[in-house]
Amino acid sequence: RKSAERSLLKSEDKLRRIMENLQADYFFYSHDTAGVFQFVSPSITHILGYTPGEFLTRLDSLLTDDPANEAAHEHTMLSIEGIKQPPFLMALRHREGHTVWVEASDTPVFDDQGNVIAVEGIAHDVTERRRAAEERARLEEQLLQAQKMEAVGTLAGGIAHDFNNILSAVLGFTEIAINDLEADSPIVPHLVQVMQAGNRARELVKQILAFSRHGE
């Protein structure tokens, strides 16, 4: 019994040193097989703004409605069953209201008979890392969109040149037809409409060409 007590004290001393040296963006936790948290390291205050006691009593209310927390619950249940889980994400609500993302790693704790008696884990604040990844994804999407617009501009420019050649022929032959007709011919007004429409189309072509040249 004394040997067991010495081992326990040594283990507790080791755990205390680990807690004291734990980086500010990590926190250690443990919960029983009912999922009730029994311990969380003091660094939780730096990460979420709550004292360890507040965190333990208010954990359920600190979980956001993000779907990631549903997956996290499934990981926890499997850990309680004794199945080692890969790191998983949780979305927690900071005292000031914003969301804090943590990546947690669970480890089942077994007794001498191989039964799970608790789950211990360590969580890492990955909010900034996640925000940086989202920003990178946003910039990549903007770059992709810009590349698409550049490709569209190049394509439009080529089409506009070909269309401009067709318009030149339409307008040129229409003008010849008008000149060949008598001024009072009933066909002339119709050809004048063709000329006006062709000129409007030519203005549109100029705008497309300006776009293809990265104009304003």
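Pairs meeting the criteria (first residue in segment 192-216 and among the β-branched types (V, I, T) and open to solvent by less than 40 Å² (accessible area, probe 1.4 Å), second residue in a helix (DSSP H, G or I) and at pLDDT 90 or above, beta carbons under 9 Å, at least 6 apart or on different chains) are V205/L167. The number of residues in segment 34-90 that are closer than 24 Å to A24 by Cβ and of a type in the set (G, A, S) comes to 7. Taken over segment 120-138, the criterion of being open to solvent by 60 Å² or more (accessible area, probe 1.4 Å) and part of a helix (DSSP H, G or I) is satisfied by E128, R129, R130, R131, E134, E135, R136, R138.
Across segment 87-100, what is the total count of residues that are in contact (Cβ under 8 Å) with a residue 40 or more places away in the chain and open to solvent by less than 40 Å² (accessible area, probe 1.4 Å)? The qualifying residues number 3. Scanning segment 172-180 for any residue that is surrounded by 14 or more Cβ atoms within 10 Å (Cβ to Cβ), in contact with a helix residue (DSSP H, G or I) (Cβ under 9 Å, 6 or more places away or on another chain), hydrophobic (A, V, I, L, M, F, W, C) and over 30 Å from V100 (Cβ atoms) turns up at least one such residue. For D184, the conditions (1) part of a helix (DSSP H, G or I); (2) more than 30 Å from W101 (Cβ to Cβ) all hold with the exception of (1). Considering segment 101-119, and only residues there that are hydrophobic (A, V, I, L, M, F, W, C) and closer than 16 Å to F28 by Cα, the residue that is surrounded by the most Cβ atoms within 10 Å (Cβ to Cβ) turns out to be V102.
The values are calculated or read from the model by the stated rules, or taken from the named source; none is laboratory data. As the structure is a computational prediction, the values presented were derived from the model and not from experiment. We place every Cβ from the backbone using ideal geometry, glycine too, and count neighbours over all the protein chains shown. In case anyone asks, the SASA skips ligands and DNA or RNA and just uses the protein heavy atoms, side chains included. Shrake-Rupley method; radii C 1.70, N 1.55, O 1.52, S 1.80 Å.
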